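Read-outs: derived from the displayed coordinates by stated rules, not from any lab. In this text, all values refer to a predicted model and were calculated from it rather than measured experimentally. Note: ideal-geometry Cβ built from the backbone for every residue, glycine included; neighbour counts use all protein chains shown.
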Amino acid sequence: MGEIIANNKNTNLRTEEMVVQMGPQHPSTHGVLRLEVTLDGEIVTDVKPHIGYLHRCFEKQCEAMSNYQQVIPYLDRLDYIAAISMEWSYVLAVEKLLKIQLPERVEYIRVIMAELQRIASHIIAIGTYGLDMGAFTPFLFLMRDREMILDIFERTCGARLLYNYFWIGGLSHDVPLDFIDRTRQFCNKFKKTIVEVNNLLSYNEIFIKRTANVGVLPADVAINFATSGPVLRGSGVNWDLRRDDPYSIYDKFNWEVQVGKGERGILGDCWDRYMVRCREMEQSVKIIEQALNQIPEGDVKSAIPKRIRPNVGKMYVRTEAPRGELGIYLLSDGSTSPYRVKARSSCFVNLSVLPEISKGAMFADLVAIIGSIDIVLGEIDR
Amino acid sequence: MDKFLTDILGSEIGSYIIIAILPLVFIVPYALFAVWLERKVSAKMQDRLGPMYTGGWHGWAQTIADIIKLLQKEDIVPTVADKKLHLLAPFIVFVGSYAAFAAIPFSIEYIGSNLNLGLFYIIAVSSLVVVGLLMAGWASNNKWSLLGAMRSVAQIVSYEIPTALSLLAVIMIAGTMNLQEINQMQTGWFWNWFIFQKFPFVFLAFIIYFVASLAEVNRTPFDIPEAESELVAGYHTEYTGMKFAMFFLAEYANMFAVSAIASAVFLGGWNSPFGDFMSGQFWGVFWFVAKGIFFIFIQMWLRWTLPRLRVDQLMYVSWKVLTPWAFVCIFGIGLWLVL
């Protein structure tokens, strides 16, 4: 495609370039992202992402809270598709500052919840990616199963999207009695759905044609841009914080980090990134099943002081959220509210590779590339 | 048909007007039904229910309610739009697809106009749609609409070639372009249908025709001109109310037109598949519409199963796959006829 542009220049055929504003209201920008796209016919010559339409002063708001606990609901609103994973980073940071030891049961429930959340989040990523490619049906199949996850969450903490479930030193509630049965039921059903979606979408010839060899992100570029999560692993870099910088009890389970292998095209193309998510869902099911078998009885709240007042200090904690590495930097001045909360957003970093990998692609490819990066604007703009 | 009507009405002009209006009487209820069917088919495939409340039984009145809603909508014309073209475009699109119905044989008696060049006429007149689409895209003064219009023109023009070539293969066997005569040649049991003759060439031509016709009516996997996730709504982004409904109606009318040609040319048209069983005036219409709806069902089936192709891949399919194979069909049938 780059050749076509070069040819046009060689033949002195001056073609007018068109600047198109893609977004903030556009079905494929997955939120209120605006892209300033320069088009030469159907070929993208330049992309400039403009962000900030969803800015909510998250970090400043955190400082205004009267205690540490009150920050958690704001965390939910970062990546609202994967709220549990957002909570976890912050809660972990505070707990490390306080040096709290958590009960076993809490850790197990947290892992199960976070992995359920990862599946729910990847369902959205994969489903809407299908929508971007014009395939409607897999999206609805996946959403049907996501409903089961949301029901589990609803029965546990009363909310379906923004949970406020991980509290400092434990959880807001214990899980309901039928939690284990329901989660098992979901796991069994979801294994079939993954096969169904693979048949319908992942290995569909048209889908492969649309996504293989498109938006190739080489491993070195991915590392230089500090990408993380499925975007990084899609380029073949074997890096997952759950294994490489273990937190909680992930080291107790038997699972594998999924990386892109370049099966259908060049390593690091959209299909690889997509497929990493598909396979991660299988791995998450695996982790959940193991955790369900081992989950102990016990308390879900550890003994923490009524007023949380960490010593003066700082803490940086990173966890593997569904979209990549979420880092929370916490600065405590010894008072009851955080002095500073800084979030290192994975989507923000991942989005920065977009101009790099979409130059010279077709316009339809741009949609495929945005979808494969899988951004949530709530986390980018904060 | 026209003779019969002239006898009743006593005037030729009156009968011609009725003949001209009859397809419209068919198209509107059909389009209402097809939109409802599309919703129900997609719902069935996606594990949903679809409309269930409006009208009582399985939401049968949903599309009627939609049309009433569209009628009430404000007709918005963008201030910078080319007003005349903007107004004219939906009508040209509809005329293009409606005019094709003039030469479609619904039964042994009923055909709007029994042209000797029926098939040729349909292919030619349905190209008018392209003009309307380009007008709509250009007049809206919207970059997205223009992109959609450019895509759809490129697509429809290039897919007309395999369409015409695959039909040409059948015309070579039939030796006529009169659709009524082509249908009469296929009378009898279903193995007399053209699709089962000169195997595999006509069958191949049928597949080529069907794929190309999908592209001509902008259905998935070739729905690139209105690619929802890329161009939002393509050329009809800036249309509201009844003008939008006209595009919609034209799309569904077009879907039936291409399905009707497929059934008339390849699947015996109004002929019953079982010889004399269930054949006759009324049954002719029944079989013809049933075959048309069957093809429309397949179009829906594909739409809710497959993703969308990219523009260059679309062109690749047309020029490097369908067109050469259409030539193979013509060559094969020609050789068969000579030998």
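For chain B, compute Rh as the Kirkwood radius over C-alpha pairs and then the Stokes-Einstein diffusion coefficient at 20 °C and 1.002 mPa s; write the answer in µm²/s, rounded to an integer.
D = 102 µm²/s.
Only Cα pairs under 8 Å and at least 6 apart count here; give the relative contact order of region B:133-229 as a rounded whole percent.
31
Once you list every other residue whose beta carbon is under 9 Å from the beta carbon of A:Pro103, what net charge do they have if Lys and Arg are +1 and Asp and Glu are -1?
Net of charged neighbours comes to -1.
Determine the relative contact order of chain A: mean sequence separation of Cα pairs under 8 Å and six or more apart, normalised by residue count, in whole percent.
The normalised contact order for chain A reaches 27 percent.
Taking only pairs that are 8 or more places apart or on different chains, how many Lys pairs in region A:1-143 have Cα atoms under 28 angstrom apart?
Close lysine pairs under the 28 Å cut-off: 4.
Other chains' Cβ within 10 Å of B:309-316 residues: what's the mean?
5
Can you name the helices of chain A, as whole DSSP H runs, whose Cα span along the helix axis is 24 Å or more and whose Kyte-Doolittle mean is not below -1.0?
Correct list, ordered by number: A:104-132, A:137-157, A:179-197, A:270-294.
May I ask you to list the residues of region A:40-65 whose amide nitrogen lies under 17 Å from a point 7 Å from Cα along the Cα→beta-carbon direction of A:Asp333?
A:59-65
Within the set of other residues whose C-beta is less than 14 Å from the C-beta of B:Val321, count the net charge using Lys and Arg as +1 and Asp and Glu as -1.
Neighbourhood net charge equals 0.
At a Cα cut-off below 30 Å, give the lysines reachable from A:Lys191, other chains included and same-chain residues fewer than 8 away excluded.
Reachable lysines: A:Lys209, A:Lys252, A:Lys261, A:Lys286, B:Lys40, B:Lys44.
In µm²/s, what is D for the protein assembly as shown at 25 °C and 0.890 mPa s, where D = kT/(6 pi eta Rh) by Stokes-Einstein and Rh is the Kirkwood radius from Cα pairs?
86
Using Cα pairs closer than 8 Å and at least 6 residues apart in sequence, work out the relative contact order for chain B, in percent.
Computed value for chain B: 22 percent relative contact order.
When Cβ neighbours within 10 Å are restricted to other protein chains, what is their mean count per residue of peptide A:124-136?
4
Order by neighbour count: A:Lys209, B:Lys83, fewest other Cβ atoms within 10 Å first, most last.
Listing A:Lys209, B:Lys83 from fewest to most nearby Cβ atoms yields B:Lys83, A:Lys209.
For each of B:Ile161, A:Ile287, count neighbouring Cβ atoms within 10 Å of the residue's Cβ, then give the residues from fewest to most.
Listed from fewest to most nearby Cβ atoms, that is B:Ile161, A:Ile287.
Within 10 Å of each residue's Cβ, count the other Cβ atoms and sort A:His30, B:His58 from fewest upward.
Least to most surrounded, the residues fall as B:His58, A:His30.
Roughly what % of Cα-Cα distances in region A:256-325 sit above 13 Å, to the whole percent?
Across region A:256-325, Cα pairs with separations above 13 Å total 78 percent.
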